[in-house]
Amino acid sequence: MRLHVHDYTDVSLAGILDGAVLMHQQMAELLSARGDVVPHDQRVGPDCLAKVEDGDVLYAGNGPYAHLYHLWRERQGADFRIVREVHTTFWSGYWTQEELCAPLVRPGDVVLFPSEFTRQVFLRSFPDAAPGASAVVYPMLERTPRAPQAPVPPRDGVLRIGYLGALSEAKNFDQVLRVFERCHRETGGRAELVFAGKPNDPRWSTEAVLARLAEQGVPADAVTALGLLSPQRLPEFFSRIDVLLFPSTASRESLGRVVIEALAYGIPVLAADMGPAVELLPPRNLVPAALDSGTEFSMGRVGPLGRVDEDALVARLVERDFEAAQLPPVTAPFEDEALWRVMAGDVPSHEIRHDAATVERVRIGEREDADADPRRLLESAEDVFLEYFHGRDAALLERLTAYENATGRERPALRALVTRPERNLADYRALPALVDALAVPPLTYRLAAAPTV
């Protein structure tokens, strides 16, 4: 068996640093260390499969583009297995991938998920991803340092509260600030905040955050802003905090990599009691969250699916009512061996406690009849892909103009994507946005109201 992978090792990711990009970087390093790996560049198009032979395995883990490999395999008439990945829950990128792959999946193909929550969400719409054809696999523990449990400060001591991730409303960062304000006030100043991440709005710039906290009586020396951290600075961040807040109910949350990193560094985590965090933390460290059942969400936009109970979170922090750090009871999906087993054709199965309550509430919208032909959508997505990476800007601009005329809206951000000089698969903010607009419109979804007891 030879393993074929898209070559990510020479891609510049300057200015793009988050959990997804870090995962791609680490996976590229892990896979390229194997002696039987054959690298290729998917941007070339169908010819990237020229060296793939019957019996080989192709790892389609370079972003939400596995549907193209499935299409090109069919045209080529070859007989090889495809191992693809889904790394985001309610996002049009991976949802489109699975929708377009579905008619072309063959026995032996496998789809990998970072959490049982995300796997179960997709299983409801794509039963071909059932056990034996899917698994929870997200290798990272071998590349995550381990540290002893950090001691929890006593109630009369200073509690250093941490936040690491995107500074956005989708991640409920505004709630982090309000919770910290209250903790600082209710403990008589015995609370500090250390936060790091990229602001997605001027409201979350360091200057704006410090000004907001100052208005609430929080002195500047009680707050530390570390900006956008490289992986090499994670030890520094975790050495500065006693507990990490992960209140995210973001629609695109599929694991919460930072939760596992914090636990490995010995730092306890308090998180919303929905989504993947349920698999990673003990119940005592999960904070009630009210999910939004009144909104029709779009897979083309990221936003919060709900809000955590701030009263409950403040009480946990003030009372130090949470358990010390401990890795989840099932760690095999996060170890390298799980990945190698899949590549060899042995799909692991893990019994993982997950957020079944939220999964049951998910209602995915249907496509309009005019958009329902999967083959037409797949070929349209292929056209946009090849036009984007082969420099056919005139064709893309023609598509975009037709789209703007049909919707009555000018889209300058999309035009900027069409004309940008640097184009790589790692920038999942670019091509998927064009596919959304020009080929496969994003689906909508809702969360049904919680059942009454």
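One table, with the values for the structure above:
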| quantity | calculated |
| --- | --- |
| Length added when fully stretched, Asp36-Arg429, from 0.36 nm per residue minus Cα-Cα | 138.3 nm |
| Given (i) 38, 25, 21; (ii) 65, 34, 25; (iii) 34, 27, 22, the label whose value is semi-axes √(5λ) of the Cα gyration tensor in Å derived from this model | (i) |
| Per residue accessible area in Å² of the stretch 153-273, where ligands, DNA and RNA are left out and the probe is 1.4 Å | 36 Å² |
| For Leu305, residues with placed amide H under 5 Å, excluding near neighbours | Thr249, Ala250, Ser251 |
| In Hz, Karplus ³J(HN,Hα) per residue of the stretch 252-258 (6.51, -1.76, 1.60; θ = phi - 60°; x = Gly, Pro) | 9, 5, 10, 8, x, 3, 4 |
| Highest average packing first - 95-102, 409-416, Cβ atoms within 10 Å | 95-102, 409-416 |
| Residue-normalised accessible area of the stretch 20-93, expressed per residue, 1.4 Å probe, Å² | 33 Å² |
| Amide proton proximity set for Val38, modelled H, under 5 Å, gap of 5+ | Leu3, His4, Val5 |
| Fraction of accessible area attributable to carbon and sulfur, the stretch 313-434 (%, probe 1.4 Å) | 47 percent |
| Sulfur and carbon atoms: percent of accessible area, the stretch 127-275 [1.4 Å] | 52 percent |
| For the stretch 272-339 and the stretch 393-416, distance of Cα centres in Å | 39 Å |
| Protection proxy ranking of 65-77, 246-258 - average other beta-carbon atoms within 10 Å, highest first | 246-258, 65-77 |
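The values are calculated or read from the model by the stated rules, or taken from the named source; none is laboratory data. Since the model is a prediction, treat every value here as computed from it, not as a measurement. Ideal geometry is used to build each Cβ from the backbone, glycine not excepted, and the neighbour counts take in all protein chains shown. Protein only, heavy atoms only, side chains kept; ligands, DNA and RNA dropped before computing areas. Shrake-Rupley method; radii C 1.70, N 1.55, O 1.52, S 1.80 Å.
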